[in-house]
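A short write-up of the structure that comes next.
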Amino acid sequence: MVTEEQTSSQSGTGGYTGKVSPGGPPDVRELEHLTITKVAVDEKMSNNCYLLTCRHTGEQVLIDAADAAATLLPLVGDAPLTHVVTTHQHWDHHRALAEVVGATDATTVAGEPDAAAVTEQTGVEVAVPVRHGDTVPVGDCTLEVIALAGHTPGSIALLYDDSASEGGHPHLFTGDSLFPGGVGNTFGDEAAFRQLIDEVATKVFDRLPDDTWFYPGHGDDSTIGAERPHLQEWRERGW
């Protein structure tokens, strides 16, 4: 588990910033029922990995074993890691999957359209291929799968709704489908861009409130409210 000295914040909204860098300390956000630990790995790609811990059972879920198992496994510590979720099939998001699963025996999860590719690339079978609306448990907490095709066919986001807590709001882990400033890269594929922007608009912006905090696969976090005014701008520019 993470010690106080290892973190840049132990608070919820007061101290957590979501600003992390490879080789630097994780940033930790304490919600009423869930702890979110964000860490960056790989100096070149600067992937974000998120360790979610149920504050009641101690059970944990890792979102994207992107790289650097030597960084991720000490964060996991001795508490049970029940699942590793891979947000999409791109190589930079699952380089440590085999080592993390080998050390923890965690169950692997990925979007169904990407599952075969993740299995082929990592040598680790995706045990639970998920679809839109499926759920992943984090102890007593629940993550809802939101399918956001476009960046890859099986890209997924994961929603934890903390609205029932005092001062709480939704938290969304978006992989590479949504960033501050735009949707994920569709590599010049106009049809894929239209698919992604439509799915992000209908499944994220049309559904979730402005205070939803989202956590992307690279870089800093943002909120739905901060990005909402720019959605049409993104659509018009085509990326």
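So here's what we get for this one:
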quantity	calculated
Tally, over region 206-239, of residues that are among the aliphatic types (A, V, I, L, M) and out of contact with any helix residue (DSSP H, G or I) (no Cβ under 9 Å at 6 or more places or on another chain)	1
Selected residue (criterion: surrounded by the fewest Cβ atoms within 10 Å (Cβ to Cβ)) from residues of region 77-89 that are farther than 11 Å from Val109 by Cα and in contact (Cβ under 8 Å) with a residue 60 or more places away in the chain	Asp78
Enumerated helices (runs of 4 or more DSSP H) restricted to region 132-239, each holding at least 1 residues that are touching a Leu at 6+ places or on another chain (Cβ under 9 Å) and under 24 Å from Val39 (Cβ atoms)	224-227
Selected residue (only one of Asp210, Asp221, Asp206, Asp162 is within 18 Å of the chain's Cα centre (by Cα), of a type in the set (Asp, Glu) and more than 23 Å from Glu59 (Cβ to Cβ))	Asp221
Count - residues of region 103-129 that are in a helix (DSSP H, G or I), in contact with a strand residue (DSSP E or B) (Cβ under 9 Å, 6 or more places away or on another chain), surrounded by fewer than 20 Cβ atoms within 10 Å (Cβ to Cβ) and of a type in the set (Asp, Glu)	1
Cross-chain or 6+ apart pairs with Cβ under 6 Å, region 27-47 first and open to solvent by 40 Å² or more (accessible area, probe 1.4 Å), then in a strand (DSSP E or B)	His33/Cys141
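The values are calculated or read from the model by the stated rules, or taken from the named source; none is laboratory data. Quick caveat, the model's predicted, so the values are computed rather than measured. Using ideal geometry, Cβ is built from the backbone for each residue, glycine included, and neighbour counts are taken over all protein chains shown. All accessible areas refer to the heavy atoms of the entire protein, side chains included, with ligands and DNA or RNA removed. Shrake-Rupley method; radii C 1.70, N 1.55, O 1.52, S 1.80 Å.
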